[in-house]
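Chemist: Please see the structure below; I have some questions.
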Amino acid sequence: MYKIIITKRAARDLDLLDLVIKNRIGKKLKEYATDPISYARKLSHPEIGTYRFRIGDYRVIFDIDDDKLIILRIGHRKNIYK
């Protein structure tokens, strides 16, 4: 199980979302923390991060460092890559 670390920027992104969406993202992150590579896709342009999770219309951009899952950004799919 990977330890989930949320950066300040990702926490700000999360604060802007509805409570229902926050709960959905939280549940999925806990589920994905067991084996994140099997659920993740590698980003083709890693300027904002190395991997991403798809959770409905939202994307979670993250990096992996040893046994830590470092959440960098959380946002809607049409705005997250800009």
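Chemist: Search the stretch 6-23 for residues that are farther than 16 Å from Leu69 by Cβ and pair each with any residue that is aliphatic (A, V, I, L, M) and outside any helix (DSSP H, G or I) when their beta-carbon atoms are under 8 Å apart and the residues are at least 6 apart or on different chains.
Modeler: The qualifying pairs are Leu17/Ile74.
Chemist: For the stretch 1-17, enumerate the residues that are modelled with pLDDT of 95 or more and either more than 16 Å from Leu72 (Cβ to Cβ) or hydrophobic (A, V, I, L, M, F, W, C) (or both). Full working, then the answer.
Modeler: Restricting attention to the stretch 1-17, the residues satisfying the condition of being modelled with pLDDT of 95 or more are 2-17.
Selection gives Ile4, Ile5, Ile6, Ala10, Ala11, Leu14, Leu16, Leu17.
Chemist: When the residues of the stretch 38-55 are filtered to those that are at pLDDT 95 or above and exposed (fewer than 14 other Cβ atoms within 10 Å of the Cβ), which remaining residue is farthest from Asp13 (Cα to Cα)?
Modeler: Looking at residues that are at pLDDT 95 or above and exposed (fewer than 14 other Cβ atoms within 10 Å of the Cβ), I get Ser38.
Chemist: Oh, and also: So, in the stretch 2-19, how many residues would count as being assigned to a loop (DSSP other than H, G, I, E, B) and buried (at least 17 other Cβ atoms within 10 Å of the Cβ)? Reasoning before the result, please.
Modeler: Step one: of the stretch 2-19, the residues assigned to a loop (DSSP other than H, G, I, E, B) are 2, 7, 16-18.
So of that shortlist, the ones also buried (at least 17 other Cβ atoms within 10 Å of the Cβ) come out as 2.
So the answer is 1.
Chemist: State all residues of the stretch 20-45 that are part of a loop (DSSP other than H, G, I, E, B) and acidic (Asp, Glu); if no residue qualifies, say none.
Modeler: So in the stretch 20-45, the residues part of a loop (DSSP other than H, G, I, E, B) come out as 33-35, 40, 43-45.
Selection gives Asp35 alone.
The values are calculated or read from the model by the stated rules, or taken from the named source; none is laboratory data. All of these numbers come straight from a predicted model, not from anything done at the bench. Note: ideal-geometry Cβ built from the backbone for every residue, glycine included; neighbour counts use all protein chains shown.
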